[in-house]
Structures are given as structure tokens and as C-alpha cells.
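Written below as C-alpha cells is the structure these notes are about.
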Amino acid sequence: MISTVVSLHPFGVSLDDLGRAVVVRVQGEVDAATAPHMGEAVDGLLAERRRIVLDLADVDFMDLHGLAVLLRATRRANGDGASFSLARPAPCVRRLLELVHAEGDLTILPDGSEPFDAA
């Protein structure tokens, strides 16, 4: 039996600037081809020392390339006095974090928190 995995969402990154914070929404698959795009959006905001909430509710898949972006952004935010947190990580993201025991290394907003409420 051959199964095909189809992404529910085309990959995309969008920004909602709320003044006091920026909600970065990611959708689709975050892998070697797309993780750099997510990283560029986050890095640009970290350079401005913005408060960032990364909404991962619409992520269909994330591999270690995406995880590397999350960990780098967390380290950079902690070192630069910026703020970086995750909101509504999709089940695939939660599972990846659990597999590599990284859930304690990232700031994850409580379940059910809307990114706009947290920002």
C-alpha cells in the first residue's frame, strides 16, 4: 500500500503587527525548503527587538530544520532581550518537541491562548 501525504495548506508566513507585538502565522509544511523563509521573518523582527508570537496552528509538518529555527530564535531573543514565544503549536510540532525533549527550551503559550490575546 502506498500512501501520499498532501499538505492541507500551501506554505506561507504572514505578519500581524499589533504595535506592542507581532504575530507571525506559519502555515503548511516547514522543512528544509521552507524553514529558511520562516527564519527570515523571525530574524528580521528579532533584529528590531520586537515581541514575537509565532502561531503554528496551521502547520501540517515540521522537521528538524523548522525546529532549528525555533531554537535559534529562542536563544537569540534570550540573548538580545527580545521576546519570542510559540502559540497554538499543531500536534505535529508538539510531537517533534516531545521527541527531542525541547518543549522545556521554548516558551509555549498555554493551550487555547489566542495569539492576539498574548501579544
Return one whole number: the accessible area per residue of the chain in Å², for a 1.4 Å probe. 54 Å²
Take the solvent-accessible surface of the protein heavy atoms, probe 1.4 Å, and return the percent of it on region 1-111 that carbon and sulfur atoms account for. 54 percent
Solvent exposure, largest accessible area first (probe 1.4 Å, DNA, RNA and ligands not counted), of 95, 25: 95, 25
With only helices counted (DSSP H, runs n ≥ 4, each -39500 (n - 2.57)), the per-residue ellipticity at 222 nm for the chain, to the nearest 500, works out to -11000 deg cm²/dmol
Among 51-60, 30-39, the order from most to least packed when residues are scored by Cβ within 10 Å on average: 51-60, 30-39
Rounded to two decimals, what is Rg over Rh for region 1-114 when you use alpha-carbon atoms and the Kirkwood radius? 0.96
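State to the nearest 20 debye the size of the charge dipole of region 49-103 about its Cα centre, where the only charges are +1 on K and R beta carbons and -1 on D and E beta carbons.
Roughly 340 debye, rounded to the nearest 20.
The values are calculated or read from the model by the stated rules, or taken from the named source; none is laboratory data. Just so we're clear, the structure is a prediction, and the values are computed from it rather than from any experiment. All Cβ positions, glycine included, derive from the backbone under ideal geometry; neighbour counts span all protein chains shown. Accessible surface is based on the protein model in full, side chains and every heavy atom, while ligands, DNA and RNA are left aside. Shrake-Rupley method; radii C 1.70, N 1.55, O 1.52, S 1.80 Å.
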